[in-house]
1. Mind telling me which of 130, 154, 82 comes out most flexible in a GNM of the chain, alpha-carbon contacts under 10 Å?
2. Within the stretch 58-129, report the GluC sites (Glu not before Pro) that DSSP leaves as loop and that have at most 14 other Cβ atoms within 10 Å.
3. Over every pair of different alpha-carbon atoms in the stretch 132-177, take the mean of 1/r and invert it; report that Kirkwood radius in Å.
4. With r as the distance between the Cβ atoms of residue 49 and residue 75 and R0 = 22 Å, compute the FRET efficiency 1/(1 + (r/R0)^6) and round to 0.05.
5. For residue 5, put the label point 7 Å out on the Cα→Cβ axis and report which residues of the stretch 103-124 keep their amide N under 15 Å from it.
6. So what's the back-of-envelope 222 nm ellipticity for the chain, counting only DSSP H runs of four-plus at -39500 (n - 2.57) apiece and dividing by all residues, rounded to 500?
7. Which length gain, in nm to one decimal place, applies between residue 154 and residue 227 when the Cα-Cα distance is subtracted from 0.36 nm times their residue separation?
8. By how many degrees, between 0 and 90 and to the nearest 10, does the Cα long axis of helix 216-226 differ from the longest principal axis of the chain?
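The values are calculated or read from the model by the stated rules, or taken from the named source; none is laboratory data. Keep in mind that what you see is a predicted model, and the values were worked out from it rather than measured. Note that we place each Cβ from the backbone using ideal geometry, even for glycine, and neighbour counts take in every protein chain shown. Please note that ligands, DNA and RNA were not included when accessible areas were found on the heavy atoms of the full protein model with its side chains. Shrake-Rupley method; radii C 1.70, N 1.55, O 1.52, S 1.80 Å.
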Amino acid sequence: MSTDLPPLSPTDRTTVQRGKYRVVEDRAELHRFLAEALVAHVGVVVGDHPVVLPCAYAVDLDGPDEGGSLYVHGSVASVWLRHAVGSTVCVTVTELDGLVAARSAFNHSMNYRSAVVVGRARLVEDEAERARALDLVVDQMVPGRSATLRPSTRKELAATAVLAVPLHEASMKARAGGPGDEPEDVAAGTWGGHVPLRRVAADVVPAPEATGPVPADVAARAAALAAG
């Protein structure tokens, strides 16, 4: 574990109760994973029912929240976002790394990396922090892209809300490798194994009105994803 970072799962709300052998205890590994993944799911109670929605996200380890800030954004008119402000939310980020075909139905599984962050969401009102958060969200998809774009207009900023969730309360689990079968199932001769999966980009497709070569930042991102 990194000696200069606090441990993961610092509270009961993020302490893993089952499958503890899959727990990732190094907070630096959480940081690396969040820097790599692309989609977060935000869970919030809206009225009398929970809502879980996918969204783009970004992380600022030097953000003002305890443990750093995880940012998500949406329309100011979004019902879920209005309910999230000041409420405790759950943000999950998952990458699927493989399908595990075991010798019994019970032991079938998936290889994955998954993080859970629980915390009170705050509305980002400071203009400088909000601008940085939105740049980070763009750069999470295509690193360096925000620096090549025009500044957001007042109208665009007025239509966009940014939420920050502290990274302090977090946990992470991961699974890799083949099936964990019972000895008698192995002895029976049934086949077992796993299908590795990875995210791979296809060739860049320019918009119909696009002119000139693919920008270096987009080409680099596509090449990195194509390499797996």
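1. So, out of 130, 154, 82, the one fluctuating most is 154.
2. Details: sites: 66, 95, 125, 127, 129; in loops: 66, 125.
Sites meeting the loop and neighbour criteria: 66, 125.
3. On the way: mean 1/r = 0.0743 Å⁻¹.
Evaluated on the stretch 132-177, it is 13.5 Å.
4. Working: r = 20 Å, r/R0 = 0.92.
Once the sixth-power term is evaluated, E becomes 0.65.
5. 114-117
6. Using -39500 (n - 2.57) per qualifying helix, the result is -6500 deg cm²/dmol.
7. Details: separation 73, 0.36 × 73 = 26.28 nm, distance 3.86 nm.
Between residue 154 and residue 227, full extension yields 22.4 nm more.
8. 10 degrees
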